[in-house]
Amino acid sequence: MKKKILMFLMISFMVFFAGTVWGFTEGSSNNFFGLYNGTVNTGSYNSFFGGYNGTSNTTGMRNSFFGFGAGYVNNTGSENSFFGENAGQANTIGSYNSFFGTFAGFSNIDASNNTFIGHNAGRQNTTGSPNTFVGTSAGRQNTTGTYNNFFGYQAGYGNTTGDFNNYFGYRTGQSITEGTNNSFFGHGSGYFKTSGTHNSFFGSHAGANNIAGSNNVFLGNHAGYNETGSNKLYISNSDTELPLIYGEFDNEYLEINGDLSVIGYTQLDLTTNSPPAADCDDPSEYGRMKVDAVSEDLYVCVVSGWKSMQGGAGQASAVNNDFNGDGNSDVLVRNTDNGRWHMYLMDGTSNPTLVSRINMYESSAIEMMGTGDFNGDGISDVLVRNTDNGRWHMYLMDGTSNPTLVSRINMYESSAIAFQD
């Protein structure tokens, strides 16, 4: 009997505070439990549990408010689910929202289709939608930003008006306020960033100090940590300023800080005749390569300018017949009447420099066998052979009439040995 009496009193108490005494008027299939819940309600299929839930609700339907002050001023908003103290308190006409956690979606007024889960998640959101914030204080300061996804403690905390952002991880994008189309993944990625668009940061603290840059891609632990610019590519596993791979999207520039192994073909850009000198006048350009589609020469940018390379397998030698190292091919001639050698240093004009009567063997038995950079100084040299005795000799050229003679090279001297170019 005592149990039945106690149960009756409890039910009576709940009914008393469920709206009947406080002005509950119309609507059907509602469940109101708590002080001032649904006092002016005319909507149907609502469930309000806890003091001051849905107090101002009039025609709003299919709402579920659980927790003191949840959905307090909701008026016509429908199909909302607010769970937690003051969750969705300021919502009036917003619909299809789900707020879970103390003060989650607290300031939401008329925004719809938002999902905020966690203490203070989306607390200051007013009209921004549709957003998804999961984690304590995730997207807390968002007001009008739309189409954002923030997951993690204080992820996107400072975002106010930024749109189309995705922040995943502890304090990712915490300080950014108005950036759009950013994607930050990893603990503290984009941590100190305040603005900027179209950035992709992947890895713990990636791009943490990129305050206002845009169009960056940072991949790896602390990648691009101290980079402040825009249009940069960093692939690294530390905050080094020399990442394994660095790039500049706006300049179409890629740098690899390490050895590169290629399995397959590597295709170089083609040029017509020698590349322009302006493309090889700075230390940052040394090492560039291009292929001359006309002469079929390979050009390499070195300290002295573009050098055309030739040679057999496993070696690269200096410019074809460049006897003074100026990057231009020169001409070696011989007078067949007296055997004398002469050299024209070409410069692209009709008046090349003549180097007359070079100090080289003048015997008619001496035949020129070929040219190449035989000592690796970047200047073409001359290989000759005495057809009378088969002996080989080499002239190390320097652009003067007195090249260095390397006499009787230790090579087969038999007449049966033929030179193969």
Item to check | Unmet requirement for Thr161, which otherwise passes all of (1) more than 29 Å from Ser44 (Cα to Cα); (2) surrounded by 19 or more Cβ atoms within 10 Å (Cβ to Cβ) | outcome: (2)
Checklist entry - Using beta carbons and a limit of 8 Å, which pairs, at least six apart or on different chains, have the first residue in the range 215-244 and closer than 14 Å to Phe184 by Cα and the second one modelled with pLDDT under 95 and buried (at least 22 other Cβ atoms within 10 Å of the Cβ)? => result none
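A quick yes/no check of all residues on (1) aromatic (Phe, Trp, Tyr); (2) over 25 Å from Ile245 (Cβ atoms); (3) surrounded by fewer than 24 Cβ atoms within 10 Å (Cβ to Cβ):
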{"residue": "Tyr157", "(1), (2), (3)": "yes, yes, no"}
{"residue": "Tyr167", "(1), (2), (3)": "yes, no, no"}
{"residue": "Thr172", "(1), (2), (3)": "no, no, no"}
{"residue": "Asn181", "(1), (2), (3)": "no, no, yes"}
{"residue": "Ser214", "(1), (2), (3)": "no, no, yes"}
{"residue": "Leu219", "(1), (2), (3)": "no, no, yes"}
{"residue": "Tyr225", "(1), (2), (3)": "yes, no, no"}
Checklist entry - If a residue has to be open to solvent by 70 Å² or more (accessible area, probe 1.4 Å) and assigned to a loop (DSSP other than H, G, I, E, B) to count, how many in the range 236-269 make the cut? => result 18
Checklist entry - So which of Ala111, Ala138 is assigned to a loop (DSSP other than H, G, I, E, B), surrounded by 18 or more Cβ atoms within 10 Å (Cβ to Cβ) and touching a strand residue (DSSP E or B) at 6+ places or on another chain (Cβ under 6 Å)? => result Ala138
Item to check | Those residues of the range 68-97 which are open to solvent by less than 40 Å² (accessible area, probe 1.4 Å) and outside any loop (DSSP other than H, G, I, E, B), in sequence order | outcome: Ser81, Phe82
Checklist outcome for this item: Going through the range 270-281 in order, the residues found to be surrounded by 12 or more Cβ atoms within 10 Å (Cβ to Cβ) and polar (S, T, N, Q) are Thr271, Ser274
Next on the checklist: Just to be sure I understand the filter: pairs with C-beta atoms under 7 Å, separated by 6 or more residues or on different chains, first member in the range 118-147 and free of Cβ contacts under 8 Å to residues at least 40 places away in the same chain and closer than 20 Å to Thr197 by Cα, second member open to solvent by 40 Å² or more (accessible area, probe 1.4 Å) and not in a loop (DSSP other than H, G, I, E, B). Which pairs pass?
Outcome noted: Thr132/Thr115; Thr132/Asn149; Ala138/Phe151
Checklist entry - So Leu233 fits all but one of (1) open to solvent by 10 Å² or more (accessible area, probe 1.4 Å); (2) hydrophobic (A, V, I, L, M, F, W, C); (3) assigned to a loop (DSSP other than H, G, I, E, B); what number is the exception? => result (3)
Next on the checklist: Take Phe32 and tell me if it is farther than 23 Å from Thr143 by Cα and at pLDDT 95 or above.
Outcome noted: no
Checklist outcome for this item: Counting only residues in the range 282-300 that are hydroxyl-bearing (Ser, Thr, Tyr) and open to solvent by less than 60 Å² (accessible area, probe 1.4 Å), the one farthest from the chain's Cα centre (by Cα) is identified as Ser295
Item to check | Residues satisfying the stated conditions in the range 50-67, i.e. surrounded by fewer than 19 Cβ atoms within 10 Å (Cβ to Cβ) and touching a Gly at 6+ places or on another chain (Cβ under 6 Å) | outcome: Gly51, Thr59
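The values are calculated or read from the model by the stated rules, or taken from the named source; none is laboratory data. As the structure is a prediction and not an experimental result, all values here were calculated from the model. Neighbour counts are summed over all protein chains in view; Cβ atoms, including those assigned to glycine, are modelled from backbone coordinates with ideal geometry. Side chains are part of the model used for accessible areas, which takes the heavy atoms of the whole protein and leaves out ligands, DNA and RNA. Shrake-Rupley method; radii C 1.70, N 1.55, O 1.52, S 1.80 Å.
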